[in-house]
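Can you keep this structure in mind? I'll have questions shortly.
The values are calculated or read from the model by the stated rules, or taken from the named source; none is laboratory data. Treat the numbers as computed from the prediction; the structure is a model and nothing was measured. Every residue, glycine as well, gets a Cβ built from its backbone with ideal geometry; the counts of neighbours run over all protein chains shown.
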Amino acid sequence: MEILSLYRDANAARQRSVQLQLERIGMFVKFIADKDQKLGGNWYLKGDDLADSLRTAVFTGYIPTNEAVGGIEAENKDSIKLFAIWNGENSSQEGASFSLTSSADSMPDMLRIILGERDEKSSRLGDYRSSSDVVAKLAELYESSYASLGPAKYSREKVFDDRPGVSWMLYLPHTLTAAQVPEARALSPVMRDGKQQGTIIVSVTDEVFDVNNRAHVKAANDIEIRLADQDLLPRFIDL
């Protein structure tokens, strides 16, 4: 599964902070560790080879280590921060990684998470309710411009190249109703301080989204068209 979040930090100085970025990832890792114990163990900075990629621990009790912060800062001297971490699991079923691009200029930041799966019909995050909780947590931590969850291969199946795809589920910072998106199988509100900050649109609820299932792909595509027709599916250039 792939999780994507595009976001903008309000304070450019905080946006450039490696410490802040790792702290938020640590909070998110702590949350998803309840879904799969392999996501709650050790995490490391990715390196040039296997030995290098197991050298620097990123967290101690989900708190960033000085070694990880210093290592990332040493590799990123300009305003753009690029780094990746992984959970040290070589198995394609149990591996997981985070990669982040953070910029102090006008470009939004992007967090990309890849979770290895047992097969294309499985999710380590659980059913759609459990998985939507993960997307909601991400949107809460990052105040995302959008966040999506689904198979990485879905990027080749979405309707619009210049807009996010719905895939299994898509978070948008809008209050949406069933009348606006009748093709959605579920709409989950995301709350902040007692107010709705956005909505998670779910394309499939009876099983895990399978990119090889044409009915699943059609359901996601239909939602994308409906949202775009109402100017609710943003273009990347406008984010």
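Results for (1) out of contact with any Ser or Thr (no Cβ under 8 Å at 6 or more places or on another chain); (2) among the basic types (Lys, Arg); (3) closer than 24 Å to Ala139 by Cα; (4) exposed (fewer than 13 other Cβ atoms within 10 Å of the Cβ), shown as yes or no for each residue.
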{"position": "Ile32", "(1), (2), (3), (4)": "yes, no, yes, no"}
{"position": "Lys38", "(1), (2), (3), (4)": "yes, yes, yes, no"}
{"position": "Trp43", "(1), (2), (3), (4)": "yes, no, yes, no"}
{"position": "Asp48", "(1), (2), (3), (4)": "yes, no, no, yes"}
{"position": "Asp52", "(1), (2), (3), (4)": "yes, no, no, yes"}
{"position": "Gly61", "(1), (2), (3), (4)": "yes, no, yes, yes"}
{"position": "Ala74", "(1), (2), (3), (4)": "yes, no, no, yes"}
{"position": "Lys81", "(1), (2), (3), (4)": "no, yes, yes, no"}
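Something else now. Please enumerate the residues belonging to region 1-38 that are at pLDDT 90 or above and in a helix (DSSP H, G or I).
Leu22, Glu23, Arg24, Ile25, Gly26, Met27, Phe28, Val29, Lys30, Phe31, Ile32
Right, here's the next one. Working carefully through the options Asp133, Asp119, find the one that is modelled with pLDDT of 95 or more and not in a strand (DSSP E or B). Explain how you work it out, then say what you get.
Numbers: Asp119 fails: modelled with pLDDT of 95 or more.
Going through Asp133, Asp119 in turn, just one is modelled with pLDDT of 95 or more and not in a strand (DSSP E or B): Asp133.
OK, next. If you take the residues of region 209-232 that are part of a loop (DSSP other than H, G, I, E, B) and charged (D, E, K, R), which of them is nearest to Phe160 (Cα to Cα)? Spell out the reasoning first.
Let us first name the residues in region 209-232 that are part of a loop (DSSP other than H, G, I, E, B), namely 209-213, 230-232.
Among the residues that remain, those that are also charged (D, E, K, R) are: 210, 231.
Working: Asp210: 19, Asp231: 13 Å.
Step by step, filter region 209-232, then rank; the result is Asp231.
Every residue in region 149-169 that is in contact with a helix residue (DSSP H, G or I) (Cβ under 8 Å, 6 or more places away or on another chain), under 17 Å from Val208 (Cα atoms) and of a type outside the set (Asp, Glu), please.
Residues of region 149-169 that are in contact with a helix residue (DSSP H, G or I) (Cβ under 8 Å, 6 or more places away or on another chain), as a first pass: 149-150, 154, 157-160, 162-169.
If we keep only those that are under 17 Å from Val208 (Cα atoms) too, we end up with 149-150, 154, 157, 165-169.
Those that are in contact with a helix residue (DSSP H, G or I) (Cβ under 8 Å, 6 or more places away or on another chain), under 17 Å from Val208 (Cα atoms) and of a type outside the set (Asp, Glu): Leu149, Gly150, Tyr154, Gly165, Val166, Ser167, Trp168, Met169.
Check off (1) within 18 Å of Phe31 (Cα to Cα); (2) touching a strand residue (DSSP E or B) at 6+ places or on another chain (Cβ under 7 Å); (3) at pLDDT below 95 for Gln196 and give me the number that stays unchecked.
Evaluating Gln196 over (1) within 18 Å of Phe31 (Cα to Cα); (2) touching a strand residue (DSSP E or B) at 6+ places or on another chain (Cβ under 7 Å); (3) at pLDDT below 95 leaves (1) as the failure.
A follow-up question, please. Given the options Gly47, Gly40, name the one that is free of Cβ contacts under 8 Å to residues at least 24 places away in the same chain, within 30 Å of Val204 (Cβ to Cβ) and touching a Lys or Arg at 6+ places or on another chain (Cβ under 8 Å). Working first, answer last.
Numbers: Gly47 fails: within 30 Å of Val204 (Cβ to Cβ).
Every option except Gly40 fails the conditions.
Quick check: anything in region 127-134 touching a Gly at 6+ places or on another chain (Cβ under 6 Å) and buried (at least 22 other Cβ atoms within 10 Å of the Cβ)?
Within region 127-134, the first condition is being touching a Gly at 6+ places or on another chain (Cβ under 6 Å), and the residues that meet it are none.
No, that holds for no residue.
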